[in-house]
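**Q** Here you go, one structure.
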Amino acid sequence: MNRAPGVEDPLQFALALGLGCDRGTPAATIYQAISEALAVCGGQPSDVRAVGSIDLKADEAGLLQVAREQAWYIHFYPAADLAAVDVPNPSETVRRYTGSPSVSEAAALLVAGADKADLIVEKHKLRGPDGRNATISIARIYP
């Protein structure tokens, strides 16, 4: 977990989620991945103030269901915008499929305001019982 110097409690700040998933990933798998990632940093869904993903997922049923049920607006970014963000865990596999070396980490930083955010959960991955993958990254948003 990356923390700013002198900051012990990440939840004195709002959280931003970056979401990535396989095509056809059910909402249950995405919910589980989010829940696990939030548990890593001691967060709750109510701490989430911003959510981002890649524009390729703008029609992803499971992702849209989670956002609707949580009353979260998802900002969808083009691959070029995500690719311009420096992330700790780029992936050539992700680049091959999306055009960006990062979806979840880059989206979390972009939607949080990259100049005033840091990642506190890097690429939390879950392969659901359905065989589909979800990846969640969480950035802390500074005031």
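**Q** What is the residue count in segment 75-109 for residues that are among the aliphatic types (A, V, I, L, M) and either more than 14 Å from Gly20 (Cα to Cα) or without any contact (Cβ under 8 Å) to a residue 60 or more places away in the chain (or both)? It would help to see each step written out before you state the result.
**A** Going through segment 75-109, the residues among the aliphatic types (A, V, I, L, M) turn out to be 79-80, 82-85, 87, 94, 103, 106-109.
Subsequent filtering for residues that are either more than 14 Å from Gly20 (Cα to Cα) or without any contact (Cβ under 8 Å) to a residue 60 or more places away in the chain (or both) retains 79-80, 82-85, 87.
Qualifying residue count for the region: 7.
**Q** What do you reckon, is Ala28 out of contact with any Pro (no Cβ under 6 Å at 6 or more places or on another chain), part of a helix (DSSP H, G or I) and either in contact (Cβ under 8 Å) with a residue 24 or more places away in the chain or over 15 Å from Ala134 (Cβ atoms) (or both)?
**A** Values: out of contact with any Pro (no Cβ under 6 Å at 6 or more places or on another chain): yes; part of a helix (DSSP H, G or I): yes; either in contact (Cβ under 8 Å) with a residue 24 or more places away in the chain or over 15 Å from Ala134 (Cβ atoms) (or both): yes.
Yes: the conditions hold for Ala28.
**Q** Scanning segment 12-44 for residues that are out of contact with any helix residue (DSSP H, G or I) (no Cβ under 8 Å at 6 or more places or on another chain) and buried (at least 21 other Cβ atoms within 10 Å of the Cβ), which turns out farthest from Leu119 (Cα to Cα)?
**A** Ala33
**Q** State whether one or more residues within segment 55-69 are surrounded by fewer than 19 Cβ atoms within 10 Å (Cβ to Cβ) and under 14 Å from Leu15 (Cα atoms).
**A** no
**Q** Residues to consider are Val48, Val87; find the one that is of a type in the set (Val, Ile, Thr) and over 18 Å from Asn133 (Cβ atoms).
**A** So the residue among Val48, Val87 that is of a type in the set (Val, Ile, Thr) and over 18 Å from Asn133 (Cβ atoms) is Val48.
**Q** A further question on this structure: Suppose we keep only residues that are among the acidic types (Asp, Glu) and at pLDDT 95 or above within segment 60-108. Which one would you say is farthest from Val48 (Cα to Cα)? Spell out the reasoning first.
**A** So the first thing to find is which residues in segment 60-108 are among the acidic types (Asp, Glu), and the list is 60, 69, 81, 86, 92, 105.
Now narrow it down to the ones that are at pLDDT 95 or above: 60, 69, 81, 105.
Working: Glu60: 20, Glu69: 13, Asp81: 22, Glu105: 15 Å.
Among those that are among the acidic types (Asp, Glu) and at pLDDT 95 or above, it is Asp81.
**Q** Okay, next question. Within segment 95-111, identify whether any single residue is buried (at least 17 other Cβ atoms within 10 Å of the Cβ), over 13 Å from the mean Cα position of the chain (by Cα) and aliphatic (A, V, I, L, M), and answer yes or no.
**A** Kept after step one, since they are buried (at least 17 other Cβ atoms within 10 Å of the Cβ), are these residues of segment 95-111: 98, 100-111.
Now narrow it down to the ones that are over 13 Å from the mean Cα position of the chain (by Cα): 98, 100-101.
When the remaining residues are screened for being aliphatic (A, V, I, L, M), the result is none.
The answer is no, given that none of the residues of segment 95-111 is buried (at least 17 other Cβ atoms within 10 Å of the Cβ), over 13 Å from the mean Cα position of the chain (by Cα) and aliphatic (A, V, I, L, M).
**Q** Which ones in segment 42-59 are in a strand (DSSP E or B), at pLDDT 95 or above and over 14 Å from Tyr31 (Cβ atoms)?
**A** Residues satisfying the conditions are Gly52, Ser53, Ile54.
**Q** Would a scan of segment 12-22 turn up a residue that is in a loop (DSSP other than H, G, I, E, B), modelled with pLDDT under 95 and at positive phi?
**A** No, segment 12-22 has no match at all.
The values are calculated or read from the model by the stated rules, or taken from the named source; none is laboratory data. None of the values given here were measured: they were computed from a predicted structure. Heads up, the Cβs are rebuilt from the backbone with ideal geometry, glycines too, and the neighbour counts pull from every protein chain shown.
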